[in-house]
Amino acid sequence: MFDFSTLVSQTLALVQQHQQWAVPIVFALALGESLAVLSLFIPATVLLLGIGALIEASNLDFWQIWAAAAVGAVVGDTISYGLGYYFKDGAKTIWPLSRQPEMVMKGEVFFARFGVWSIAIGRFFGPARAVVPLIAGVLAMRQIPFQLANVGSAFVWSFVMLAPGGAALKMFGL
């Protein structure tokens, strides 16, 4: 049986003990968190919040880690968009989306309601984050509006994920 708490604690210990790996690990976590469907299986939110605390506690470079998270998120959403654009409606028939038609339908409704803003808003909500960029590709959203929302929201999202941990440590004098 897979134990998420062990994965989280081991990943955080790895980052703390081998700080030179912090940037690539954060990039990979943000990429996985932003890839269509894969984000449902990676506890990246918990890990990024934990790494945020390690930034302050271990004197890691916030700006490098922030940039790595943002770039990973941009790449993940871009790949998801590309998969949707390439496979069109066929993307919805691939596992695990084929077993989650209600998630796909909610993603389509969310995208129809908010348009380009769904990319930015959806990044902050797990189920939407897993499908909205894919749906944007399926529906052939124009590339420039997609990327503007993708890049802008990625930098805000990565800050929101990483900054609270460091701020909490400073606030409580830990």
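Here, each number is a calculation from the coordinates, and none is a lab measurement. From a predicted model like this one, the values you see are computed outputs, not experimental measurements. Neighbour counts run over all protein chains shown; Cβ positions are idealised from the backbone, glycine included.
Assorted remarks:
- Proximal charge balance of VAL15 [Cβ under 15 Å; K/R count +1, D/E count -1]: -2
- The angle between the Cα long axis of helix 62-87 and the longest principal axis of the Cα atoms of the chain comes to about 20 degrees, rounded to the nearest 10.
- Only Lys, Arg, Asp and Glu carry charge here, each on its Cβ (+1 for the first two, -1 for the last two); on that basis region 4-171 has a dipole of about 320 debye about its Cα centre.
- Principal-axis analysis of the Cα atoms of the chain puts helix 143-171 at an angle of about 30° to the longest axis.
- Annotation for region 1-89: chymotrypsin sites (Phe, Trp or Tyr not before Pro) lying in DSSP loop with at most 10 further Cβ atoms inside 10 Å of their Cβ are PHE2.
- Taking each DSSP H run with n ≥ 4 as -39500 (n - 2.57) and averaging over every residue of the chain yields -24500 deg cm²/dmol at 222 nm.
- Cβ crowding within 10 Å ranks SER158, SER5, SER34, SER153 as SER5, SER153, SER158, SER34, fewest other Cβ atoms first.
- Average Cα contact separation per residue, the chain, under 8 Å, 6 or more apart, as relative contact order %: 31
- Axis of helix 44-57 versus longest Cα principal axis of the chain: the two differ by about 30°, to the nearest ten degrees.
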